[in-house]
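S.K.: Would you mind keeping the following structure in view while I ask a few things?
The values are calculated or read from the model by the stated rules, or taken from the named source; none is laboratory data. Note that the structure is a prediction, hence the values are computed from the model and not measured. Ideal geometry is used to build each Cβ from the backbone, glycine not excepted, and the neighbour counts take in all protein chains shown. The area values use the complete protein model at the heavy-atom level, side chains included, leaving out ligands, DNA and RNA. Shrake-Rupley method; radii C 1.70, N 1.55, O 1.52, S 1.80 Å.
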Amino acid sequence: MTCIGAIEAGGTKFVCGIGDEKGEIRESVSFPTTSPDETLGKAIAFFRGKEVEAIGIGSFGPIDLRPGSPAYGHVTTTPKPGWANCDFLGTLRELFDVPYGWDTDVNAAALGEVRWGAARGLDSCLYYTIGTGVGIGVYTEGRLVHGLVHPEGGHTPVRRHPDDAFAGLCPFHGDCLEGMAAGPALEARWRVKGHELPANHRAWEIEAFYIAQSITGAVLLNSPEKVILGGGVMQQSQLFALVRAAVKRNLNGYVSAGELLERIDDYIVPPGLGTQAGLYGALALGLDALQARGAAETPA
Ligand code: ADP
Ligand code: ZN
């Protein structure tokens, strides 16, 4: 049985695990994200002596994913104290000389859902996290999208809800999707904790309006076979029906797919892996890295 290390590196907390090729995670730990030294130190302490054959990492970002770039494996321009230009991968590499999989936290979660979750067997999906921030992982034509840097779908501009005067919280853009719809925006707009807002509160209609707007654009641009919505805010399960209805209204029948017209309940869905999509995704990244190394070393 393979022994693969997995790291879900979130801006709030880290989860480290050990898993195998069957997608079973047999051990994991979680700790808050503090300084890079302390946090990576805890991750290293967890993996020490475990003889991992590869490590997969899904990290908060922005991160450098360009092979050959001097900053490959770094967290780049994050405002998170201490983490800007942190050599995440290099720090681990010094201790563990194994193949690494390295991608964004949301891309990892998308991959986890493709391998073992709600998008199993599909060639494409989008994975949204709507929590402290908004992030969108993009898996298309059987691979995770990187492109120029990596997708940053949480920061796309949105059209304002006609009843919403909230200025938005994004330090870069004000009223982008994250600025209007992440957990902190919701809480600043209504001045209560998200979990304290009743399920029938108008807040959820406005929240769904922004999420649905993003999904509508993404469906038109990217044509994903599944849209998965995770993160703390999506614990409000009434949001699913509101989002699905708003996406249908926005598309107005234009995209002629049964998934959208007749089976949208099975198209816009919660993560099949629950809150663990990111950790399983990191495991999948590690497995893929091990396999890629094996393929490179096998004589033709
Ligand atoms: P993170 O994004 O930091 O990894 P989460 O996905 O848990 O963590 O998101 C945390 C955010 O989600 C908080 O800002 C909070 O506003 C919101 N949140 C968490 N639980 C709920 C809930 N039950 N209802 C509404 N909002 C919630
Ligand atoms: Zn923004």
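S.K.: Got a number for residues in the stretch 191-211 being more than 16 Å from ligand 2 (Cβ to nearest atom), part of a helix (DSSP H, G or I) and surrounded by 17 or more Cβ atoms within 10 Å (Cβ to Cβ)?
M.R.: Count: 7.
S.K.: Ok, one more. State the number of residues belonging to the stretch 160-190 that are in a loop (DSSP other than H, G, I, E, B) and more than 15 Å from ligand 2 (Cβ to nearest atom).
M.R.: Taking the stretch 160-190 first, the residues in a loop (DSSP other than H, G, I, E, B) are 160-169, 171-173, 175, 182.
Next, only the ones that are more than 15 Å from ligand 2 (Cβ to nearest atom) stay: 161-165.
Total meeting the criteria: 5.
S.K.: Further question: Across the stretch 212-231, what is the total count of residues that are open to solvent by 50 Å² or more (accessible area, probe 1.4 Å) and either among the acidic types (Asp, Glu) or touching a helix residue (DSSP H, G or I) at 6+ places or on another chain (Cβ under 7 Å) (or both)?
M.R.: We begin by selecting, within the stretch 212-231, every residue open to solvent by 50 Å² or more (accessible area, probe 1.4 Å); these are 220-223, 225.
This time we only want the ones that are either among the acidic types (Asp, Glu) or touching a helix residue (DSSP H, G or I) at 6+ places or on another chain (Cβ under 7 Å) (or both), so: 225.
Looking only at that region, the number is 1.
S.K.: Of the conditions (1) of a type in the set (A, V, I, L, M); (2) in a loop (DSSP other than H, G, I, E, B); (3) not assigned by TED's automatic domain parsing to the domain that holds residue 194, residue 148 satisfies every one except a single condition; which number is it?
M.R.: That leaves (3) as the condition not met.
S.K.: Of all residues in the stretch 136-192, how many are without any contact (Cβ under 8 Å) to a residue 12 or more places away in the chain and among the acidic types (Asp, Glu)?
M.R.: 1
S.K.: Which residues, counting only those in the stretch 235-245, are open to solvent by 10 Å² or more (accessible area, probe 1.4 Å) and part of a helix (DSSP H, G or I)?
M.R.: Going through the stretch 235-245, the residues open to solvent by 10 Å² or more (accessible area, probe 1.4 Å) turn out to be 235-238, 240-242, 244-245.
Once the filter is applied, which keeps residues that are open to solvent by 10 Å² or more (accessible area, probe 1.4 Å) and part of a helix (DSSP H, G or I), the stretch 235-245 yields 235, 238, 240, 241, 242, 244, 245.
S.K.: Tell me, please, whether a residue that is touching a His at 6+ places or on another chain (Cβ under 9 Å) and within 14 Å of ligand 1 (Cβ to nearest atom) can be found in the stretch 195-205.
M.R.: Step one: of the stretch 195-205, the residues touching a His at 6+ places or on another chain (Cβ under 9 Å) are 205.
Narrowing the set further to residues that are within 14 Å of ligand 1 (Cβ to nearest atom) leaves none.
No - not one qualifying residue is present in the stretch 195-205.
S.K.: List pairs: first residue in the stretch 257-275 and small (Gly, Ala, Ser), second residue part of a helix (DSSP H, G or I) anywhere in the structure, Cβ distance under 8 angstrom, at least six positions apart or on different chains.
M.R.: Every condition considered, the pairs that remain are 272/113; 272/116.
S.K.: Could you tell me whether any residue of the stretch 156-170 is within 14 Å of ligand 1 (Cβ to nearest atom) and under 20 Å from residue 13 (Cβ atoms)?
M.R.: no
S.K.: If you go through the stretch 98-123, how many residues are more than 21 Å from residue 63 (Cα to Cα) and acidic (Asp, Glu)?
M.R.: In the first step, residues of the stretch 98-123 are kept if they are more than 21 Å from residue 63 (Cα to Cα); the result is 113-123.
Remaining after also requiring acidic (Asp, Glu): 113, 123.
Of the residues in that region, 2 qualify.
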